[in-house]
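Some notes on the structure that comes next.
Bear in mind these aren't lab numbers, they're just calculated from the coordinates by the rules spelled out. Keep in mind that what you see is a predicted model, and the values were worked out from it rather than measured. Note that we place each Cβ from the backbone using ideal geometry, even for glycine, and neighbour counts take in every protein chain shown.
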Amino acid sequence: MNTILRKSVLGIAGLAFTGGVFAGPVAAHAADTTTHAKPVSVSVQGDKLIPHGVQGEQSRIDLNDEQTANVKAIIAATKKAGMDERAAVVSIATALQESKLENLGHLGDRNDHDSQGLFQQRPSSGWGTVEQITDPEYSTTAFLKGLKQVDGWQDMPLTKAAQTVQVSAYPDHYAQWEKQAADLVAEHWNK
């Protein structure tokens, strides 16, 4: 990992430790419309979408047109970045956890610091301007740039790869979205 990225990650980690960087706004604003499936720990060998199987209980939400458009924007940005379907699964699962695939602006008193957009990225942490991080293509590209910097991300469980980029106060929460993210990539990748 290069020095600049390491310093950025360590700086963000300190913020996460003191206040919970990314998960706050989602928990604060969202009505719980999540449905939970039975716990799953199945290894799907050779599957490029879920190469390590899913970990733990899986969640699923129904998507509206805006959320589906954001899925398509994440997939388009992933393709544009020259990355594969697995990168799209990691990205979509991350956005499901951070914002339920809603492009969130500032939430006032319910905001977790200055986190915004699909990935709850923070201008004060160097992710970009508010205008940039609330642009689905830009925010996805920024997330993927961070993912590319993670040595061996392709061989990690999804939640570890996402956490290494996001540095969330809730690192295990990404895992619950892997099955829905994989289903969305399977549905929209070739459209």
Under Karplus coefficients 6.51, -1.76 and 1.60, residue-wise ³J(HN,Hα) of the stretch 157-170 in Hz, glycine/proline x: x, 3, 5, 6, 5, 5, 5, 5, 7, 7, 6, 7, 6, 10
More than 17 Å apart - percent of Cα-Cα pairs taken over the stretch 49-95: 39
Student exercise, the stretch 105-191 dipole from Lys, Arg, Asp, Glu Cβ charges, in Debye to nearest 20: 120
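Write down the Å³ per residue value for the convex hull defined by the alpha carbon atoms of the stretch 78-176. Mind dumping the intermediate values first?
Working: hull volume 9.0 nm³, N = 99.
So the per-residue hull volume is 91 Å³.
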For the stretch 135-142, Karplus couplings with θ = phi - 60° (6.51, -1.76, 1.60), whole Hz, Gly/Pro x: 9, x, 5, 4, 5, 5, 4, 5
Amide H contacts of residue 104 (H built 1.01 Å from N, under 5 Å, at least 5 apart or other chain): 117, 118
Whole-Hz couplings from phi, Karplus 6.51/-1.76/1.60, listed for the stretch 172-186; x for Gly and Pro: 8, 6, 5, 4, 5, 9, 4, 5, 5, 4, 5, 4, 5, 5, 4
